[in-house]
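What follows is calculated from the coordinates using simple rules that are stated; it is not laboratory data. Not measured: the values here are computed from a predicted model. Cβ placement follows ideal geometry from the backbone for every residue including glycine, while neighbour counts extend to all protein chains displayed.
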């Protein structure tokens, strides 16, 4: 059913197979909540807020040109220090900078949780 379902496409990229394994755990509840929200794509970024009709614009608050999706926020915003640090970590550890990898590798997740400056 998971592979045929049209719902959850964003999360399906990160976790293509269903399992009972805990996907992410952190002793810090704030970090765990932040990463889980990013992994589901249900977070306080303008793409999601606009879909929920909470904000008028889905544009990034930093660059104001691109849609502020999780991928943009983590990997492609030219004005984001978090983005630069995530890409630098991927480069140093020879991890392909895809949203699937960024939200799966603990070393990159650690960079995200230490450098994220806003509530997600």
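Brief remarks follow.
- Listing 56, 26 from fewest to most neighbouring C-beta atoms within 10 Å gives 56, 26.
- Theoretical gain in end-to-end length, residue 51 to residue 98 [0.36 nm per residue, Cα-Cα removed]: 14.6 nm
- By the count of other C-beta atoms within 10 Å, a proxy for reagent exposure, 73, 40 are ordered fewest to most as 40, 73.
- Distance histogram for the chain (every C-alpha pair counted, 5 angstrom bins, percent rounded to whole numbers): 2, 11, 20, 23, 21, 14, 7, 2
- Among 51, 17, the order by Cβ neighbours within 10 angstrom, fewest to most, reads 17, 51.
- Paramagnetic label reach from residue 117 (point 7 Å along Cα→Cβ; backbone nitrogen cut-off under 12 Å): within the range 54-78, residues 62-63.
- Taking 7 Å steps out from each Cα toward its Cβ at residue 5 and residue 107 produces label points 3.3 nm apart.
- With a simple spin-label model that places each label point 7 Å from the Cα along the Cα-to-Cβ direction, the separation between residue 58 and residue 81 comes to 2.9 nm.
- Mean separation of Cα contacts under 8 Å (6+ apart) over length of the chain, as relative contact order %: 21 percent
- Projected label points at residue 42 and residue 25, each 7 Å from Cα along the beta carbon direction, are separated by 2.2 nanometres.
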